[in-house]
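First up is the structure itself, then whatever we jot down about it.
The values are calculated or read from the model by the stated rules, or taken from the named source; none is laboratory data. The structure displayed is predicted, hence computed values, not measured ones. Every residue, glycine among them, receives a Cβ derived from its backbone with ideal geometry; neighbour counts consider all protein chains shown.
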Ligand code: HEM
Ligand SMILES: [Cu+2]
Ligand SMILES: [Cu+2]
């Protein structure tokens, strides 16, 4: 099932994927066990002539332990999943690394407006550059994305980076990523935002370092 | 006739909590009403804590009118209690008087509220004038609708009491009272939240 | 009997009433249950039709859906679904299925029909309130229907209606359609609040002699827990809906950031209700299975009390998990972990219930008539829904899966299993009680096998789509280059969804045929213990000729006390006879 995942090209995508695989194996085993037990019971204890069901109400402690023991296992596995999850979550959402580069992304019906800060590294200054739907970044650099919306809620989704973040009108939300492989990747909107929601898509273009240098030269030719 | 007797015996042997069903039902209803106003008040607090500029807006509200209204509602709760007390004592004349007073006080409350709204609207503080005003009209408006509902219930009881139709169902006064006190208590929360801070 | 306010009015057996009072404006809980059944089946057909159009558009975008050419222009163009209408379709599909099929079918039909019969009461505590409830629901249905046809189009902001998209008409172009949608849902809530109050009060106060709380059938426990959870969670959303309506109609700015409002506020209010709501739907379905399993295993439920405690724990936990729908919505990231923990913990009480169900099968004497098949099917399908819930419950994994088809697959595994597998199980099981005749077994078995297989072939591949990154609520996957390789899956899903929908016709045929031609059932065709089976089928007005006295719990099958393998709750046992 998980082989359908798109190629991961971010530094933290691997952590999400491996968490996914852990849950996959755990739930897979539970699935097989429970289905196995149910099917065995259904076959073994199907109605037969002259055989009466056992009168077991499950209220004595020994019988209740049939419920409690698997329950404790469930609880332990749950906590283990949570524990792993909190590490990954902290890595992505709480302990963000310091950024090499800043980009502003503003959602609007039905486009992504991308703002590049230019040589001064600050958004909202005269040397900013605006583009529609094209997010250019260099490979192996930590990119901070400043997310805003002009109208309704959109969702900034980079499947290959395992990154998704809603953009909320009236607020500024930050996200970050570090892409590990040059190429062109989809950047769809993942939250229903109106009749043009379907088809609202930009692209992420990850450049190798020298290609990126060229792209910068082209757009800010008189960079100091 | 025999059937009726059987049913009477039946209803006495039912397994239950001992709380009359009508009362249990009203309590259930009030429990979900609490969550309605709880949600509204919670929302107000959340939005308010997350933004600046509120005290100025709420300074435009008339504290004295609201204080007057608070006293009106509190008094009406008292008259409602007295109406119930009259039921207990079997004094139908007093019952009518106190129901009437309760209704009157409810109407006074609504009148003052309407006066207040008109004043605010005349100064351009419409519901769309900002989120404080949204909450002001939303919260007090929903509360006023509850007061109105309570007044209507009381009017029905009053009419029945006039024609002695209330006699077999006098416990309804207690149920209406529960509701009326609830509406009163909601106001006790709204008053400081909107007018005092 | 008592009226709305609980006054005691000593009714006797009813005077003969006319057609209107008997079938239309009836206060009889059994008639009300059937009215709800009719309404919910009507909506199920409409909800199924929206599913058909949705699926057709996804597999064959911008081509004419066969059989939809008659739908006129502003909606569809000669059978082609335009994107605005696609959004209407998903909004209506979600709204209809959750509020107008799931809730009426699982709560109102089974709750109304069974609670008084199972606790040994003549009717609900407030029969007139009950009648009001079904009429308010009918009004809600009417308003929702009208909302489809008003100028500007119907609501199209998804069944979750997130503002600002839903808060200002400029964003969708929808004006009155959306307002009426809010009104319809508010009315529906009112109907179910009345129902909930009735369920709870009835169960608390109207039980037959001897029917202690721990002798109640589990479905009654599940229904009242669901009712209480509903009553306590819906309030904030009612407040939220009022605010949304005010934003739309008189221009307040609760959810509009330009006026200082907070769009996220709605999401909190919605999911504070929305998550408990899924348990409101699930619990009655689990209750149905828990009634059916012991009857066809001829064994007591394993762990009756632990199940009750688990239900209550789950009901409480369901109030503190809501933000798991908002991991990527922009809430403070530090909130995610506590909610992730509560979310995954809520699997514990449900795991207990599932284990108890499985243990009930152990050493049973199991037969497989249609209700049992559907009960087992519910269990099997729900299990996959529950297990995949662990993926989306884990915050980091949900970053990727949120708003993809993984979620769509997950919630259909939970909701469809509850509503349709559970609902069918209950209908096949109690049909003989409701209508006095048996349903046809052969048709029932064919219906089960087709539904089970086609359900899985429809919804399991949606997990692949979600893993592949396909977003939900998009009208045309072919617009995205990265989704085009997944399109064969979409085509396959639509094929089996169509067959799944068609195969429900077997149920319809069976239902109507059995209504008139089915074998006469007799009072207790399944040899079951609970009180509803101790009266005739269908039960008379006021249910019992004489209110039964209860001597034991509901699941005394194969008890050593008797030679039979069942022992009704109201039958004198050896001990009582000795006394
Ligand atoms: C044959 C039966 C069904 C089919 C083929 C079906 C198909 C679908 C599909 C494809 C979607 C996703 C639409 C989109 O995101 O673009 C969807 C959404 C949904 N379905 Fe179903 N469904 C069926 C039955 C049900 C049932 C029984 C329920 C619940 C009781 C249900 C509840 C929902 C809900 C709540 C949504 C979300 C709507 C939204 O995004 O606003 N569905 N369904
Ligand atoms: Cu968008
Ligand atoms: Cu949830």
Condition met for residue A:81 (under 30 Å from residue A:178 (Cβ atoms), surrounded by 13 or more Cβ atoms within 10 Å (Cβ to Cβ) and at pLDDT below 95)
yes
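Could you count how many residues in the range C:389-411 are more than 10 Å from ligand 1 (Cβ to nearest atom) and either part of a helix (DSSP H, G or I) or over 16 Å from residue C:471 (Cβ atoms) (or both)?
Total meeting the criteria: 15.
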Take the conditions part of a helix (DSSP H, G or I) and more than 16 Å from ligand 1 (Cβ to nearest atom) and apply them to residue C:32. Does it pass?
yes
Those residues of the range A:196-221 which are more than 17 Å from residue A:130 (Cα to Cα) and either touching a strand residue (DSSP E or B) at 6+ places or on another chain (Cβ under 6 Å) or modelled with pLDDT under 90 (or both) amount to A:200, A:206, A:207, A:209
For the range C:68-113, enumerate the residues that are within 16 Å of ligand 3 (Cβ to nearest atom) and at pLDDT below 95.
none
For helices (runs of 4 or more DSSP H) lying entirely in the range C:48-165, having 2 or more residues that are over 15 Å from residue C:36 (Cβ atoms) and within 11 Å of another protein chain (Cβ to nearest Cβ) picks out C:83-95
Filter the range C:208-239 for residues that are closer than 21 Å to residue C:290 by Cα, in contact with a helix residue (DSSP H, G or I) (Cβ under 8 Å, 6 or more places away or on another chain), at the interface with chain B (Cβ under 9 Å from one of its Cβ atoms) and surrounded by fewer than 24 Cβ atoms within 10 Å (Cβ to Cβ) and give the result.
C:228
I want to confirm something. Restricting to the range C:251-269 and keeping residues that are within 7 Å of another protein chain (Cβ to nearest Cβ) and out of contact with any helix residue (DSSP H, G or I) (no Cβ under 8 Å at 6 or more places or on another chain), which single residue is surrounded by the most Cβ atoms within 10 Å (Cβ to Cβ)?
C:264
Please verify whether the range C:433-444 includes one or more residues that are crowded, with 24+ Cβ neighbours inside 10 Å and in contact with a strand residue (DSSP E or B) (Cβ under 7 Å, 6 or more places away or on another chain).
no
Determine, yes or no, whether residue A:105 is outside any helix (DSSP H, G or I), within 16 Å of ligand 2 (Cβ to nearest atom) and surrounded by 14 or more Cβ atoms within 10 Å (Cβ to Cβ).
yes
Out of (1) over 30 Å from the mean Cα position of the chain (by Cα); (2) within 7 Å of another protein chain (Cβ to nearest Cβ), what's the single condition that is false for residue A:36?
(2)
Listing of helices (runs of 4 or more DSSP H) fully contained in the range C:412-527 that carry 1 or more residues being within 27 Å of residue C:95 (Cβ to Cβ) and over 24 Å from the mean Cα position of the chain (by Cα)
C:441-467, C:487-517
Lone unmet requirement of (1) modelled with pLDDT of 90 or more; (2) more than 14 Å from chain C (Cβ to nearest Cβ) for residue A:124:
(1)
Being within 19 Å of the chain's Cα centre (by Cα), more than 16 Å from ligand 3 (Cβ to nearest atom) and without any contact (Cβ under 8 Å) to a residue 12 or more places away in the chain is true for just one of A:192, A:204, A:135. Which residue is that?
A:192
Could you say whether any residue in the range A:163-177 is under 25 Å from residue A:15 (Cβ atoms), touching a residue at least 40 places away in the same chain (Cβ under 8 Å) and within 12 Å of ligand 2 (Cβ to nearest atom)?
yes
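Residue C:509 - would you say it is surrounded by fewer than 14 Cβ atoms within 10 Å (Cβ to Cβ), more than 13 Å from chain A (Cβ to nearest Cβ) and modelled with pLDDT of 95 or more?
Working: surrounded by fewer than 14 Cβ atoms within 10 Å (Cβ to Cβ): yes; more than 13 Å from chain A (Cβ to nearest Cβ): yes; modelled with pLDDT of 95 or more: yes.
Yes: the conditions hold for residue C:509.
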Whether any residue in the range C:286-294 is more than 14 Å from ligand 3 (Cβ to nearest atom) and at the interface with chain A (Cβ under 10 Å from one of its Cβ atoms) is what I want to check.
yes
Counting only residues that are away from ligand 1 (no atom under 16 Å from the Cβ) and farther than 18 Å from residue A:105 by Cα, how many does the range A:172-206 have?
4
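Taking the options C:288, C:346, name whichever one is away from ligand 2 (no atom under 16 Å from the Cβ), closer than 30 Å to residue A:171 by Cβ and crowded, with 22+ Cβ neighbours inside 10 Å.
Just one listed residue meets the conditions, C:346.
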Among residues belonging to the range B:101-127 that are touching a helix residue (DSSP H, G or I) at 6+ places or on another chain (Cβ under 6 Å) and not in a helix (DSSP H, G or I), point out the one that is surrounded by the most Cβ atoms within 10 Å (Cβ to Cβ).
B:127
May I ask you to verify whether residue C:187 is farther than 15 Å from residue C:120 by Cα, within 9 Å of chain B (Cβ to nearest Cβ), assigned to a helix (DSSP H, G or I) and modelled with pLDDT of 95 or more?
no
Return yes or no: is residue C:329 in contact with a strand residue (DSSP E or B) (Cβ under 6 Å, 6 or more places away or on another chain) and more than 16 Å from ligand 3 (Cβ to nearest atom)?
no
Is it fair to say residue C:316 is without any contact (Cβ under 8 Å) to a residue 12 or more places away in the chain, at the interface with chain A (Cβ under 7 Å from one of its Cβ atoms) and away from ligand 1 (no atom under 16 Å from the Cβ)?
no
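Here are C:132, C:117: which of them is under 30 Å from residue C:549 (Cβ atoms) and touching a helix residue (DSSP H, G or I) at 6+ places or on another chain (Cβ under 9 Å)?
C:117
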